[in-house]
1. Which loop GluC sites (Glu not before Pro) in segment 15-120, with loop taken from DSSP, have no more than 13 other Cβ atoms within 10 angstrom of their Cβ?
2. Order these by the 10 Å Cβ neighbour count, fewest first: Ile80, Ile107.
3. Sum -39500 (n - 2.57) across every DSSP H segment of at least 4 residues in the chain, then divide by the residue count to get the 222 nm mean residue ellipticity, nearest 500.
4. Compute log10 of I(q)/I(0) for segment 5-136 with the Debye formula, placing one identical point scatterer on every Cα and leaving out solvent, at q = 0.13 Å⁻¹, to two decimals.
5. Determine the relative contact order of the chain: mean sequence separation of Cα pairs under 8 Å and six or more apart, normalised by residue count, in whole percent.
6. Between beta-carbons, use under 14 Å as the cut-off and find the net charge around Asn60, counting Lys and Arg +1, Asp and Glu -1.
7. Placing +1 at every Lys and Arg Cβ and -1 at every Asp and Glu Cβ, with all other atoms neutral, what dipole size does the chain have around its Cα centre, in debye to the nearest 20?
8. Of Gln26, Phe136, Trp94, which is farthest along the charge dipole of the chain in the positive direction, counting Lys and Arg as +1 and Asp and Glu as -1 at C-beta?
Amino acid sequence: MTVEIWYLFLTTVLLAIMWIPHIIGQVMHGGLLTSKDYHELRDTSQFPAWIRRANRAHVNLVEQFGVFLGLVVIANMLEITNATTALAATVFFWARVAHAIVFLSGIGVLMARTLVFTVCWLSLMVYAWQIYSLGF
């Protein structure tokens, strides 16, 4: 197993568990869903900010996960793996962990969430550049 596939696995697990804080918060503050909640979306605007941030952190990873998955699969199919792709995958995963922590905690110092997200995006661009420059 390559480093890139390992970090794809870890990112998949992270994605699979990131919905849990949001759901726990919804149940704690809104109770279990009712039949009306299944028909009409529950209004979460009055829930504490950490619950809304937990949802957004999960959705944000969903939005970038497809790109990461695509890059890892393409690189794997083209048998492109090197120190740079391994580093890009490693940085992506750990930056996504940091992003989740910063997002859930609401840390606003130095625009930390935006900076960490940018690191995630840059790691994807480095990975893509490696595929482009070595595979085509």
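Laboratory data are not the source of any read-out in this text; all were calculated from the coordinates shown. Because the structure is predicted, anything quoted here is derived from the model rather than measured. As a convention, Cβ positions derive from the backbone with ideal geometry for all residues, glycine included, and neighbour counts pool all protein chains shown.
1. Glu40, Glu79
2. If I rank by nearby Cβ atoms, fewest first, I get Ile107, Ile80.
3. -26500 deg cm²/dmol
4. Each listed q maps to, in turn, -0.61.
5. It rounds to 32 percent for the chain.
6. Once all neighbours under 14 Å are counted, the net charge is +4.
7. Rounded to the nearest 20 debye, it is 340 debye.
8. Gln26
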